[in-house]
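Here's the structure, in structure tokens; my notes come after.
The values are calculated or read from the model by the stated rules, or taken from the named source; none is laboratory data. All values derive from a computational prediction rather than experimental measurement. Cβ atoms come from the backbone with ideal geometry, glycine included; neighbour counts cover every protein chain shown.
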Amino acid sequence: MVNFTINGQPVQAHPGQTILEAAQEAGITIPTLCYHKDLSPHGGCRMCIVEVAGARGPLTSCTTPATEGMQVVTESPAVIEHRRMILKLLLSAYYDRGDNKDDGRENELLHWAEFYGVSYSEFAAKEPRYPVNSDPNPFVWVDMNKCILCSRCVRACAEVQGRFVWGLENRGFDSHVVAGSGVTMLEARCESCGACVAYCPTGALDNKMSVGAGAAEKKVTTTCTYCGVGCQFDLNVRDNHIVRVTSNPSAPVNGMRLCVKGRYGYDFVHHEERLTEPLVREYLLQGKERPHGDRGPWVQVDWDTALNLTARKIAAARDTFGADSVGVLTSAKCTNEENYVMNKFARQVVGTNSIDHCARL
Amino acid sequence: MTNPMDDVAAHSQAMLVIGSNTTEQHPVFGTMLRQAVLKRHAKLIVADPRKIDLTEFATLHLRLKPGTDIALLNGLMYIILEKGWEDKAYIAERTENFDEFKANIMNYPPDAVSETTGIPVEQLYEAAEILATTKPASIMWAMGITQHTVGVQNVMTCANFQMLLGNMGVPGGGVNPLRGQNNVQGACDMGGLPNFYPAYQWVNQEPNQKKFEAAWGVSLPANIGMTVTEMMPAAANGKLKALYILGENPIMSDPDTNHIRHALDTLDFMVLQEIFPSETAEYADVLLPGVSFAEKEGTFTNTERRVQRVHQAIQPIGNARQDWEITQEIARRVIELGSRKPSDAPHAAWNFTSPADIMAEINALAPSYAGISYERLDRGERLHWPVKDAEHGGTPILHVGKFARGLGKFAATVHVPPVEMPDNDYPMLLSTGRVLYHWHGGEMTRRAEGLMEVYGQSLVELNPDDARRLGVNGNKRVRVASRRGVIEAEAWVTDRVPPGMVYANFHFPEVNANQLTIAALDPIAKIPEYKICAVKVELVK
Ligand code: SF4
Ligand code: SF4
Ligand code: FES
């Protein structure tokens, strides 16, 4: 263990651990912008600078390993002044048209600007420099006016997703993030996983499906309905509607990772074709024989009617032709509990082992 | 999976991915495999006829001919034995039937295997060396392995491979089938199979039958029931009269669609519990609105046997009801109306008041789920079954120290060519699967706007050589015909597929590849041979 002090407080670090990580573990906050614990350190924004006794100038705590006996100061007047300068500079190139105002997403730039008393109205750019919503990707909203060049998207795409869509184009004040060689995201082989969105500290990259949807009233952690990986995420709910899906960093299988279906494939839930009422064929209500071919029109009925009809038909088939004349297909999309009751239904209620699902398909 | 995904991602030094397009079908695990290569420099070998995305990250791409997986693996094991790379101590201590297995492997010398699989001999040696000398190594596969008439043999062959190298029951090793749908593992675990009660208790073994008879208060059948692939013919010939379907769409997902339509049409009665009027709803007599994952409480079990909570985020849409409640309501009514009356028994009644209540009955009757409770899950415990009791911490890695059955049994497996191979009339080979932007029968993803924007129509992958031969140029519409049906779709001209092969998906009803597929079944697992059938392709003029 490495022993050193931060603001006079004794702190321990593992060998090789950075000042920032050791500080975080000790519950000491150092402001950051380009740092994210899941991504390789970049050391670009210089928000995390600290003073170290004996060092020639301030050091970026996200890239500097703690060493034995080090004396670190995180909030000296000089450091604070330096951070305010960085924030002013970033704000001067930051323009927000307000498309995603009040969506509840934390904006790390504005958070620190406020913290250090750098006035948004005074310093933020008044004119856009780039078109808003500049990429046709249906899921990812790109607004380079809010980009602070932290490169978290570049690293997220490479280090989380294993795609290499984003790059930094270096042209001084006009530096910006580009997909591929300046093509669209999809042309640059984007898989629409939304990792870059999830790691963006300002909302320069955001969820296109949720623009203007407002903040969630609640977030409910649940498990994805698509593949067998079993990712977890938070459904953001407002007015009984899912307004967006956000990564939940403590998701046990996937952490912040999600794929396009998990993050953006949720709108089927509210699709207009959802079945909302029980339906039975007209011939059943009229007590007639089933017509050949087309089964005839649907009639909307109450639950009791539908359930009674169903039960009567199943009981009749069972009692007349034997238990094996009834089959049950349960569902690989449904829960364990739902599958258990289907299994109990087939075996206990009907008395058949003819139950299956599409495991094989 | 015998090993969890994070274990493979963190500890496998070599990985063989065979018959799994992981980055499209299990995307998040796919990203973990990519990162294992990028960050840890783990060695990745991909065995796949198609040049799938993962091949870009692979040390070696074995572009085998479709349906030759057993020949390939047996051929690699031949080389391993020839070089003396097998884990002799492991084989002696932990396994049995090695001699019979070895005698069989001797039928797979490299020259012959190269001929069968189309893989150059040097590549066979290279692959064998990487896998045998880089420890631990894991094998991953998906439907590419199981959806063949020899699917079960394929799986046993993977197990042989890992036992030979001592890679079973160790971190970073194992045999790791990737389960397709979100809860296909759980549906199997919960007795959604014709041969098993919950937790794989055989229905035809008397003690199990007695146990469930005592629990449920009824006499139970001793015969194994019908699989879905057997139910369809039974419906067509009038033996099966009534069908209760929960959230499945056999019209889209089952092979030989035309045959399925006929079967469902012949049924006396079908009740479908669904969230959408699916293609199968056309054949239903009663349609009951259930709920989507966002509207329910419960658990799913993922591909690594990890049980996880599903939490209700929104109220059911319209008058839809909880699926378990619907089943319970039907059960109560059938018992009341019919002649089969359960007697008094601990779990005879249908008076569940919540999913947690159902989980309590599962705890009592399914030993591998005995210790799984909502309380533990909500506390954040990581529970991979078997979880033997409320104190047991679960089993992330299977077969540690000892196989479930005692000694691991080597099996002699034999390469059998696919049932239907290209011939003069149907000269090309069709393989089917999924794409990143869609899911299964597409019931959900076709109703997700953005996904449709990126991938809005079915594309048939066609090699540039074949495209040239067929005259596919500006006009890309092709007609793909098999002995069972015809589809028309846009061709995606790409060298992802080798010459002579086309690849199609089953996400779109207008262009459902299952119009073409063959209902030839693996004799044990009854899995249809989706991966291979013979077709002819022509340009639509
Ligand atoms: S959505 Fe995913 S793949 Fe696309 S650019 Fe962002 S991180 Fe990369
Ligand atoms: S988010 Fe994607 S990878 Fe994760 S479970 Fe859902 S479908 Fe699978
Ligand atoms: S957070 Fe350390 S330099 Fe950006």
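Points to keep in mind about this one:
- Lone unmet requirement of (1) within 13 Å of ligand 3 (Cβ to nearest atom); (2) on the phi > 0 side of the Ramachandran plot for A:Pro58: (2)
- Filter pass, A:Gly57 being part of a loop (DSSP other than H, G, I, E, B), more than 29 Å from the chain's Cα centre (by Cα) and either buried (at least 17 other Cβ atoms within 10 Å of the Cβ) or modelled with pLDDT of 95 or more (or both): no
- Hits in region A:22-41 (condition: within 16 Å of ligand 1 (Cβ to nearest atom) and either farther than 22 Å from A:His111 by Cβ or modelled with pLDDT under 95 (or both)): A:Ser40
- Scanning region B:445-471 for residues that are out of contact with any Leu (no Cβ under 6 Å at 6 or more places or on another chain) and aliphatic (A, V, I, L, M) returns B:Ala448, B:Leu451, B:Met452, B:Val454, B:Leu459, B:Val460, B:Leu462, B:Ala467.
- Qualifying residue in region B:328-348 (condition: crowded, with 24+ Cβ neighbours inside 10 Å and within 27 Å of the chain's Cα centre (by Cα)): no
- Top-ranked residue of region A:154-167 - restricted to ones that are over 20 Å from A:Glu108 (Cα atoms) and among the aliphatic types (A, V, I, L, M), ranked as nearest to ligand 1 (Cβ to nearest atom): A:Val165
- Just one residue in the set A:Val253, A:Val237, A:Val245, A:Val260 is in contact with a Lys or Arg (Cβ under 9 Å, 6 or more places away or on another chain), under 29 Å from B:Arg447 (Cβ atoms) and within 16 Å of ligand 1 (Cβ to nearest atom); that residue is A:Val245.
Residue-wise test of (1) away from ligand 3 (no atom under 12 Å from the Cβ); (2) over 30 Å from A:Gln161 (Cα atoms); (3) among the aromatic types (Phe, Trp, Tyr); (4) within 14 Å of chain B (Cβ to nearest Cβ).
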residue	(1), (2), (3), (4)
A:Ala26	yes, yes, no, no
A:Asp38	yes, no, no, yes
A:His42	no, no, no, no
A:Met47	no, no, no, no
A:Val50	no, yes, no, no
A:Val73	yes, yes, no, no
A:Phe115	yes, yes, yes, no
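- Number of residues in region B:517-541 that are in contact with a Pro (Cβ under 9 Å, 6 or more places away or on another chain), at pLDDT 70 or above and assigned to a loop (DSSP other than H, G, I, E, B) equals 2.
- Tally of residues being within 14 Å of chain A (Cβ to nearest Cβ) and either in a loop (DSSP other than H, G, I, E, B) or not hydrophobic (A, V, I, L, M, F, W, C) (or both) across region B:426-473: 22
- Residue within region A:282-292 that is closer than 22 Å to A:Cys358 by Cα and facing chain B (nearest Cβ under 7 Å) present: no
Residues checked against (1) buried (at least 19 other Cβ atoms within 10 Å of the Cβ); (2) not basic (Lys, Arg):
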| position | (1), (2) |
| --- | --- |
| A:Leu90 | yes, yes |
| A:Asp103 | yes, yes |
| A:Glu106 | no, yes |
| A:His111 | no, yes |
| A:Tyr120 | no, yes |
| A:Pro128 | no, yes |
| A:Lys146 | yes, no |
| A:Ala156 | yes, yes |
| A:Arg171 | no, no |
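- Within region A:130-153, tally of residues that are more than 9 Å from ligand 1 (Cβ to nearest atom) and either without any contact (Cβ under 8 Å) to a residue 24 or more places away in the chain or in contact with a helix residue (DSSP H, G or I) (Cβ under 6 Å, 6 or more places away or on another chain) (or both): 7
- B:Arg94 vs. criteria among the basic types (Lys, Arg) and in contact with a strand residue (DSSP E or B) (Cβ under 7 Å, 6 or more places away or on another chain): yes
Per-residue answers, yes or no, for (1) closer than 30 Å to B:Arg306 by Cβ; (2) within 14 Å of chain A (Cβ to nearest Cβ); (3) in a helix (DSSP H, G or I); (4) without any contact (Cβ under 8 Å) to a residue 60 or more places away in the chain:
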position	(1), (2), (3), (4)
B:Gln35	yes, yes, yes, yes
B:Glu86	no, no, no, no
B:Glu100	no, no, yes, no
B:Ala103	no, no, yes, no
B:Asp111	no, no, yes, yes
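- Meets criteria (surrounded by fewer than 24 Cβ atoms within 10 Å (Cβ to Cβ), at pLDDT 95 or above and either within 15 Å of ligand 2 (Cβ to nearest atom) or within 30 Å of A:Ser331 (Cα to Cα) (or both)) for A:Lys218: yes
- Filtered by the rule that a residue be in contact (Cβ under 8 Å) with a residue 24 or more places away in the chain, in contact with a helix residue (DSSP H, G or I) (Cβ under 8 Å, 6 or more places away or on another chain) and assigned to a loop (DSSP other than H, G, I, E, B), region A:197-252 gives A:Cys200, A:Pro201, A:Thr202, A:Gly203, A:Ala204, A:Cys224, A:Thr225, A:Tyr226, A:Val229, A:Cys231.
- Sole exception among (1) within 16 Å of ligand 3 (Cβ to nearest atom); (2) not in a loop (DSSP other than H, G, I, E, B) for A:Leu33, by number: (2)
- Here A:Cys34 clears all of (1) surrounded by fewer than 20 Cβ atoms within 10 Å (Cβ to Cβ); (2) touching a His at 6+ places or on another chain (Cβ under 7 Å); (3) closer than 28 Å to A:Ala198 by Cβ except the condition numbered (1).
- Some residue of region B:7-14 being over 22 Å from A:Asp38 (Cβ atoms) and either at pLDDT 95 or above or surrounded by fewer than 24 Cβ atoms within 10 Å (Cβ to Cβ) (or both): yes
- Helices (runs of 4 or more DSSP H) contained in region A:268-361 and holding at least 3 residues at pLDDT 95 or above and hydroxyl-bearing (Ser, Thr, Tyr): A:303-321
- Hits in region B:170-181 - residues which are modelled with pLDDT of 90 or more and in contact with a helix residue (DSSP H, G or I) (Cβ under 8 Å, 6 or more places away or on another chain): B:Pro171, B:Gly172, B:Gly173, B:Gly174, B:Val175, B:Asn176
- Considering residues of region A:229-265 that are closer than 12 Å to A:Cys193 by Cα, within 7 Å of ligand 2 (Cβ to nearest atom) and facing chain B (nearest Cβ under 7 Å) only, the residue farthest from the chain's Cα centre (by Cα): A:Lys261
- For region A:318-361, a residue qualifies if it is facing another protein chain (nearest Cβ under 7 Å), under 20 Å from B:Phe269 (Cβ atoms) and hydroxyl-bearing (Ser, Thr, Tyr), and the qualifying residues are A:Ser325, A:Thr330, A:Ser331, A:Thr352, A:Ser354.
- With respect to (1) in contact with a Cys (Cβ under 8 Å, 6 or more places away or on another chain); (2) more than 16 Å from ligand 2 (Cβ to nearest atom); (3) of a type in the set (A, V, I, L, M), the lone exception for A:Ala195 is condition (2).
- Here the helices (runs of 4 or more DSSP H) wholly within region B:198-303 that include at least 1 residues being surrounded by fewer than 22 Cβ atoms within 10 Å (Cβ to Cβ) and basic (Lys, Arg) are B:206-216, B:257-266.
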